[in-house]
Amino acid sequence: MPRSVLSEAQIHPAIRERIATLHQDIVQEVKTAVDAKAVVVVGMGMNPMPRKARAALDAAGVPYTYLEYGNYLNSWRRRNALKMWTGWPTFPMVFVKGTLVGGATDVQKLIASGELKKMLA
C-alpha cells in the first residue's frame with residue numbers, strides 16, 4: 001500500500017523549491033550513509049530507543065553506522081526533514097541494505113526471527 005504524499009500539484013509553485021531544499025543536507029548525509037553501509041542507525045541524543053537498537057545490533061554482532069542528530073532540546077527542525085523524507089515518525093530509523101526497517105523494536109524482531117541475517121547475506 002503506497003503511503004499518502006501530497007501531490008506536487010497541491011503545492012503552490014512559490015514554495016515548491018523551499019520544500020524541496022529545506023534541510024536537505026541532513027537528508028543527503030543519511031542517503032549517502034545508507035547507500036554506502038549495510039546497516040545504518042539514525043538517532044538522537046537523550047532518546048533511549050536508539051541506544052536500544054544499537055545494543056540489539058551489538059549483541060547480535062552486526063556492525064552498523066550510527067548518525068546522531070541533536071536531542072530533545074535542539075535540532076528538531078532538521079530531524080523533521082528526515083521524518084518527512086522517510087515517512088517514519090520516530091527515532092531511531094534503522095536502514096538495512098538501503099531499506100528502512102523501522103525502529104528499535106522492529107530491528108529486535110528482525111534479529112529474533114533471523115530475518116536480519118537473511119537480509120544481510
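Structure values in brief
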{"read-out": "Index of the failed condition, residue 4 passing every other in (1) open to solvent by 90 Å² or more (accessible area, probe 1.4 Å); (2) more than 18 Å from residue 85 (Cβ to Cβ)", "value": "(2)"}
{"read-out": "Pair list, Cβ under 8 Å, 6 or more apart: segment 80-108 residue closer than 21 Å to residue 22 by Cα and hydroxyl-bearing (Ser, Thr, Tyr), other residue open to solvent by 20 Å² or more (accessible area, probe 1.4 Å) and not in a helix (DSSP H, G or I)", "value": "86/100"}
{"read-out": "Selection within segment 47-79 - touching a residue at least 40 places away in the same chain (Cβ under 8 Å), open to solvent by less than 60 Å² (accessible area, probe 1.4 Å) and within 20 Å of residue 21 (Cα to Cα)", "value": "69, 79"}
{"read-out": "Boolean, residue 102 is open to solvent by less than 40 Å² (accessible area, probe 1.4 Å), in contact with a helix residue (DSSP H, G or I) (Cβ under 8 Å, 6 or more places away or on another chain) and on the phi > 0 side of the Ramachandran plot", "value": "no"}
{"read-out": "Within segment 13-121, helices (runs of 4 or more DSSP H) holding 3 or more residues that are more than 17 Å from the chain's Cα centre (by Cα) and closer than 22 Å to residue 3 by Cβ", "value": "13-21"}
{"read-out": "Count of residues meeting criterion [at pLDDT 95 or above and loosely packed, with under 14 Cβ neighbours inside 10 Å] in segment 80-89", "value": "2"}
{"read-out": "Segment 105-118, residues that are loosely packed, with under 14 Cβ neighbours inside 10 Å and of a type in the set (Val, Ile, Thr)", "value": "105"}
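The values are calculated or read from the model by the stated rules, or taken from the named source; none is laboratory data. All values reported here derive from a predicted model rather than from experimental measurement. Quick reminder, even Gly has a Cβ in these numbers, built from the backbone with ideal geometry, and neighbours come from all protein chains shown. Remember, those area values only see protein heavy atoms, side chains included, never the ligands or the DNA or RNA. Shrake-Rupley method; radii C 1.70, N 1.55, O 1.52, S 1.80 Å.
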